[in-house]
Amino acid sequence: MAAQEIDFYSHREGPNPWKNVIIFEELGIPYKATYLDFGPNKGGVEHEDFLKKNPAGRVPWIKDPATGIELTESNLVSQYLVEQHDKIGIFSVRGAQDEWLVKQWLGFQAASQGPIFAQALIAQHILKNPESTKHFQALVKRTIATVNRALEGKEYLVGGKITLADLSFVPWDLALDVILMGDAETATAEQRAKVWPNWSAWHNRLVQRPAVQKMITIQKQVQGKN
Ligand SMILES: N[C@@H](CCC(=O)N[C@@H](CS)C(=O)NCC(=O)O)C(=O)O
């Protein structure tokens, strides 16, 4: 019997749910996407209909009919998908140290990369506040420098192989042209490759994966960009 589709609440632009799309595609998991708007109107993340599902009023949010599990927080959703569907261990690592390191980087992504990149984008493109833009861009650069340092002599963050830790960074890193716009040293991909060579090679390696390419194609389709 074919697997039942996972009910997946998402947003066309917001990067966090797109992490999960990479994992759906990596593992061939069927899913049905519902795209919400931001804000309190009907069909919005802050409308009472959705707040009953996720009191945080944010996406992603899933319901898996196979297990009845309902879940939010993109990195937890990815971990759930892997636990249920990664039967051949595409994303598994050996040993307690590496298992904890995967969790460490998922925590770093959720606490540092996601929120800081989001605030840098809002400061420049919505609030149009030069001081805040400079402040948050400095934090964005510190976040990337951290990953660049961790990748010295390595192709992947943990265990010499692809894990959820690596893929969790991809959607926000794909937005860096917009996030670092105007920065003298790191505004373009070419500049970033010079400043953070380990990070840049890793990012390009991740983007070449077929599942990431598929995610980018779907993203462009739903954003009406092709
Ligand atoms: N830590 C959460 C963040 C979720 C999040 O902020 N999602 C954004 C879309 S990328 C959202 O729903 N924003 C709506 C809002 O904040 O009102 C995760 O990783 O899932």
Show me the chymotrypsin sites (Phe, Trp or Tyr not before Pro) within the range 1-78 that DSSP assigns to loop and that have at most 15 other Cβ atoms within 10 Å of their Cβ. F38
Anisotropy class of the chain from Cα gyration tensor, a/c 1.5 cut: oblate
Whole angstrom only: what separates the Cα centroid of the range 200-226 from the Cα centroid of the range 52-105? 21 Å
Which is farthest toward the positive dipole end of the chain among A56, I90, G159, measuring Cα position about the Cα centre, with Cβ charges +1 (Lys, Arg) and -1 (Asp, Glu)? G159
Nearest-20 debye value, the range 96-209 charge dipole, Cβ charges on Lys, Arg, Asp, Glu: 40 debye
Using 7 Å Cα-to-Cβ label points, what is the M181/H125 separation (nm, one decimal)? 0.6 nm
Spelling out what I want: for every residue of the range 32-47, take phi, set θ = phi - 60°, compute 6.51 cos²θ - 1.76 cosθ + 1.60 (Karplus), and round to whole Hz; glycine and proline get x. 10, 8, 10, 9, 8, 9, 7, x, x, 6, 4, x, x, 5, 9, 6
Can you pull out the trypsin sites (Lys or Arg not before Pro) in the range 117-210 whose DSSP state is coil and whose Cβ has at most 14 other Cβ atoms within 10 Å? K128, K154
DSSP-defined antiparallel bridges as percent of all bridges, the chain, nearest 5: 55 percent
What residues qualify as long-range amide H neighbours of D37, i.e. H under 5 Å apart, gap of 5 or more or another chain, H built at 1.01 Å from N? G44, V45
Karplus (6.51, -1.76, 1.60) ³J(HN,Hα), θ = phi - 60°, over the range 122-136, in Hz, Gly and Pro reported as x: 5, 4, 7, 9, 10, 6, 6, 10, x, 5, 5, 4, 4, 4, 6
May I ask you to list the trypsin sites (Lys or Arg not before Pro) in the range 41-98 that are in a DSSP loop and have at most 11 other Cβ atoms within 10 Å of their Cβ? K42, K87, R94
Over the chain, calculate the relative contact order: mean separation of alpha carbon pairs under 8 Å at least 6 apart, over the residue count, as a percent. 21 percent
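Taken together, the values in this text are just the output of simple stated rules run on the coordinates, not laboratory data. Being a predicted model, the structure only gives us computed values, none of them experimental. Counting neighbours? That spans all protein chains shown, and the Cβs are built from the backbone with ideal geometry, glycine included.
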